[in-house]
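Encoded as structure tokens, here's the structure I'll be asking about.
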């Protein structure tokens, strides 16, 4: 097939976002709520809406173009898109929950080309003006699962089970982080490390053996998702570790404690999907279940979230109320979510559940007391 043009690539990425933003864990062909489905006409409408936002002068596409794009995506990116039918209404989903054109595997030829480019550029490592390359090379090798040649020559210990890998596709323009290369290597090679860091929760210096299970980029920076072993308590725990909290890193004289070998797998993807954002520190809320919510947003704010959902659980059903719109979502109401709601001011409210609404009310009252008059009449 011919090479796709810029507009076709834009449509592929919009379709990918439509297929993934509401994608739940497990097989969506059975038991998926009807409200979560994008039927063909709804899908076409959403694609044209997002196309208009990306390029205001673009003409809407027809249904036949949509169907051709779906077929072309499968050929170009190796993804599998399944067509289901419900009472003669068709809708599409990816065959696997975490499938995406951004995570599709490279062919052997593509891998060889990228590997060659990285090997050629590696000679700039350490040169003046190329300080950013060490981190960028690590990220590219991590993203495309290409281990550096000098790492392949050594004896690499492998452990039972493959750690899930997560990676945010957006790379911020920021100063290269000192520990990013080490974290990527530990994740790629699944090797144990001994890390000293300043605890995000207590500001104390801590030192533990751990296995890196994931790497994500949040608005606040890069986070390592780790399985950690506590020698004193003889137990394991999960940790969300900001890379700028790390003080020292040892990956040479480290053995994997038996406790880490025997640790139960952890569904990091599911854990993140159920939260608005991760909280740095020890994972204490792993057993908390998502809470169904009804949220009100004033019209201007609501329209932004209709085209750019604030969470993957956001329901397509809406109801108008006053000068705004009520939306439904289901997530764990952790601190980042509370802070996000409060930053909207009077433009957003939690309607249900009542307990969460009361919690927000108490937060607002405490804020108001902080700004009470201190001087004067």
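Using the count of nearby Cβ atoms within 10 Å as a rough guide to exposure, how do 370, 248, 209, 347 rank from fewest to most?
370, 248, 347, 209
Let me ask something additional. Quick one: check the C-alpha center-to-center distance for segment 78-103 versus segment 255-328, whole angstrom.
Their Cα centres are 22 Å away from one another.
A further question on this structure: Largest first, please: the extent of the C-alpha atoms of segment 292-377 along each principal axis, to the nearest Å.
Projected onto its principal axes, the Cα set of segment 292-377 covers 50, 26, 20 Å.
Please arrange 202, 301, 41 by how many other C-beta atoms lie within 10 Å of their C-beta, fewest to most.
Fewest-to-most ranking of 202, 301, 41: 202, 41, 301.
Could you give the distance between the Cα centres of segment 206-252 and segment 52-70, to the whole Å?
About 44 Å separates the Cα centre of segment 206-252 from the one of segment 52-70.
Can you pull the one-decimal nm distance between simple spin-label points at residue 303 and residue 130, each 7 Å off the Cα toward Cβ?
Going by the 7 Å Cα→Cβ label model, 4.9 nm.
So, by mean Cβ neighbours within 10 angstrom, what's the order for 119-132, 304-317 with the highest one leading?
Descending mean neighbour count gives 304-317, 119-132.
Could I ask something else about it? Could you work out the mean projected area of the convex hull around the alpha carbons of segment 220-266, in square nanometres to one decimal?
With every direction weighted equally, the projected area is 4.2 nm².
Please give, to one decimal in nm, the separation of the simple spin-label points placed at residue 74 and residue 365, each 7 Å out from Cα toward the Cβ.
Here the answer is 5.8 nm between the modelled labels.
Hey, what did segment 291-370 get for relative contact order, percent, Cα under 8 Å, at least 6 apart?
Relative contact order for segment 291-370 comes out at 39 percent.
Once the Cβ-Cβ distance between residue 291 and residue 40 is put in as r, and R0 is 25 Å, what FRET efficiency do you end up with, to the nearest 0.05?
That pair, residue 291 with residue 40, gives E of 0.20.
Hey, with R₀ at 22 Å, roughly what FRET efficiency would residue 108 and residue 81 work out to, going by the Cβ-Cβ distance, to 0.05?
Step by step, r from the Cβ atoms, then E = 0.40.
Further question on the same structure: Multiply the residue separation of residue 321 and residue 64 by 0.36 nm, subtract the distance between their alpha-carbon atoms, and state the gained length in nm to one decimal.
Stretched fully, the residue 321-residue 64 segment lengthens by 88.8 nm.
Hey, another quick one. Kindly rank 88-95, 184-191, 255-262 from highest to lowest mean number of other beta carbons found within 10 Å of each residue.
My ranking of the peptides, most packed first, is 184-191, 88-95, 255-262.
Using label points projected 7 Å from each Cα along Cα→Cβ, tell me how many nm separate residue 95 and residue 123, to one decimal.
Distance between label points: 4.3 nm.
I've got another one for you. Taking R0 as 56 Å, what's the FRET efficiency between residue 261 and residue 373 from their Cβ-Cβ distance, rounded to 0.05?
0.40
With no solvent and one point per C-alpha, what does the Debye sum give as log10 I(q)/I(0) for segment 217-356 at q = 0.15, 0.17 Å⁻¹?
Ignoring solvent entirely, the Cα scatterers give -0.84, -0.98.
I've got another one for you. Tell me, 59, 40, 373 in order of fewest to most beta-carbon neighbours within 10 Å?
Going from least to most buried by this count: 373, 59, 40.
Expressed as a rounded percentage, what relative contact order does segment 243-377 have, with Cα pairs under 8 Å and six or more residues apart?
26 percent
Please list, by residue number, everything in segment 265-279 whose backbone N is under 20 Å from a paramagnetic label point 7 Å out along Cα→Cβ of residue 335.
Once the point is set 7 Å along Cα→Cβ of residue 335, 271-279 turn out to lie under 20 Å by backbone N, inside segment 265-279.
Any read-out appearing in this document is the output of simple, stated calculations on the displayed coordinates, not a laboratory observation. Because the structure is a prediction, the values reported are computed rather than measured. Here the Cβ is made from the backbone with ideal geometry for all residues, glycine too, and neighbour counts use every protein chain on show.
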